[in-house]
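A short worksheet on the structure shown next.
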Amino acid sequence: MSRKIAEYYQDILTQHHAPSIILDLINLPHDFTVSALYENSGKNKDFNSLKSLLEETDKFVFIVPEYNGSYPGVLKAFIDGLPYPNSFSNKKAALVGLSSNMQGAAIALSHLNDVFSYLGMNTLALRVKLGQIRSHYSDKIISNALYKELLEIQAGQIIHF
């Protein structure tokens, strides 16, 4: 669902003439936690190419699925593999949470916001929480009018942030 919502969000950005790319963590090297982090920093060419995309970007939209009451560990490991403190310092982000429950990954977004605050990232106040997302998304269409409106509002905010 994360990739589908990322593409949906990218369509909104395109309608606003805001160029974007999707960095999907599925493209991380499978062994990046041992081949690209800590003492191996800078040694994994595939990880470095993903890292360079972030270094060239000032604004981000994170589509975050809820996983065990927070966000996925692969996202935390990816963040941990980026240079500190400059990877996210003074950059800007919008957060969108996805869950199969009613909360829309609210706690996950709170945890992630705390990490970004520590790293110096500025996040939008509007955190879009898409609860029971599988019930509200089908064939590239979000059926929940409030969800659509919130995504539109947030996309406008990140463009002008």
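The values are calculated or read from the model by the stated rules, or taken from the named source; none is laboratory data. These figures come from a predicted structure and were not determined experimentally. All Cβ positions, glycine included, derive from the backbone under ideal geometry; neighbour counts span all protein chains shown. The protein model used for the area step is the full one, side chains on, heavy atoms only, and it has no ligands, DNA or RNA in it. Shrake-Rupley method; radii C 1.70, N 1.55, O 1.52, S 1.80 Å.
Sort through LEU37, LEU119, LEU82 and tell me the only one that's touching a helix residue (DSSP H, G or I) at 6+ places or on another chain (Cβ under 8 Å) and at pLDDT 95 or above. One residue alone meets the criteria, LEU119.
Using the structure shown, decide if PHE116 is open to solvent by less than 70 Å² (accessible area, probe 1.4 Å), of a type in the set (Phe, Trp, Tyr) and out of contact with any Leu (no Cβ under 7 Å at 6 or more places or on another chain). Yes.
Of all residue pairs spaced 6 or more apart or on separate chains, those with beta-carbon atoms under 6 Å, a first member in the range 136-161 that is under 23 Å from ASN101 (Cβ atoms) and assigned to a helix (DSSP H, G or I) and a second member that is open to solvent by 80 Å² or more (accessible area, probe 1.4 Å) and at pLDDT 95 or above are HIS136/SER143. Among all positions in the range 82-90, there is no residue which is of a type outside the set (Gly, Ala, Ser), within 16 Å of SER70 (Cα to Cα), surrounded by 15 or more Cβ atoms within 10 Å (Cβ to Cβ) and within 13 Å of the chain's Cα centre (by Cα).
Yes or no, residue by residue, for (1) closer than 15 Å to PHE88 by Cβ; (2) in contact with a strand residue (DSSP E or B) (Cβ under 7 Å, 6 or more places away or on another chain):
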{"residue": "LEU119", "(1), (2)": "yes, no"}
{"residue": "LEU124", "(1), (2)": "yes, yes"}
{"residue": "ILE133", "(1), (2)": "no, yes"}
{"residue": "ILE141", "(1), (2)": "no, no"}
{"residue": "LEU151", "(1), (2)": "no, yes"}
{"residue": "GLY156", "(1), (2)": "no, no"}
{"residue": "ILE159", "(1), (2)": "no, no"}
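Do we find that ILE63 is in contact with a helix residue (DSSP H, G or I) (Cβ under 6 Å, 6 or more places away or on another chain) and assigned to a strand (DSSP E or B) in this structure? Yes.
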